[in-house]
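Novice: Before we start, here is the structure in question, set down as structure tokens.
Any read-out appearing in this document is the output of simple, stated calculations on the displayed coordinates, not a laboratory observation. Since the structure is predicted, the reported quantities are computational estimates derived from the model, not experimental observations. For neighbour counting, all protein chains shown are included, and Cβ atoms are generated from backbone atoms with ideal geometry for every residue, glycine included.
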Amino acid sequence: MKLLFDQNLSPRLVDLLSDLYPNSAHVSLVELDRALDVALWNYASENGYTIVTKDADFDELSQARGYPPKIVWLRLGNCTTRQVEGLLRIRHAAVVALDADPDAGVLELI
């Protein structure tokens, strides 16, 4: 499974997590760092990404539009890149389960 990291997260996460989430990207790497949420949503859907964000707007988009793409919503508040990396490592099984579950669209990680 491949993740698309939102602008509010570090681009370094792509390399830091490449062992668990190969072929992931950051919005800045696909020239969507200044795009509207809907454009990011469409790109993720068309290219098979799960969006990772701290932005509640994607949860609202998921409720309005359904899925794909699926959303991993990080509810950490202010935190370091290493804390985000750690959470995505510890909760890897839950992220994979989200991808496999046809009835799930959003995973909140706290």
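Novice: Taking amide H positions as placed in the peptide plane 1.01 Å from N, state which residues far from residue 26 in sequence (5 or more) or on other chains have amide H under 5 Å from it.
Specialist: 5
Novice: Pull out a ≥ b ≥ c, the square roots of the eigenvalues of the alpha-carbon gyration tensor of segment 2-109, then state rounded if a/c is under 1.5, prolate if not and a/b is larger than b/c, and oblate in the remaining case.
Specialist: Rounded, because the longest to shortest axis ratio a/c is under 1.5.
Novice: Still on this structure: Test of understanding: in a Gaussian network model of the chain with alpha carbons linked when under 10 Å, which of 16, 40, 88 would top the mean-square fluctuation ranking?
Specialist: Comparing 16, 40, 88 in the GNM, the peak value goes to 16.
Novice: Continuing with this model, one more query. How about segment 1-100: which trypsin sites (Lys or Arg not before Pro) there are in a DSSP loop, with at most 14 other Cβ atoms within 10 Å of their Cβ?
Specialist: Of the trypsin sites (Lys or Arg not before Pro), the ones in loops of segment 1-100 whose Cβ has at most 14 other Cβ atoms within 10 Å are 12, 34, 75.
Novice: Here's a follow-up. Taking 7 Å along the Cα-to-C-beta vector as the label spot, tell me the residue 110-residue 36 distance in nanometres, rounded to one decimal.
Specialist: Label at residue 110, label at residue 36, 3.3 nm between them.
Novice: Residue by residue through segment 99-109, what is 3J(HN,Hα) from phi via Karplus (6.51 cos²θ - 1.76 cosθ + 1.60, θ = phi - 60°)? Round to whole Hz and write x for glycine and proline.
Specialist: 4, 7, 8, x, 9, 10, x, 9, 10, 8, 10
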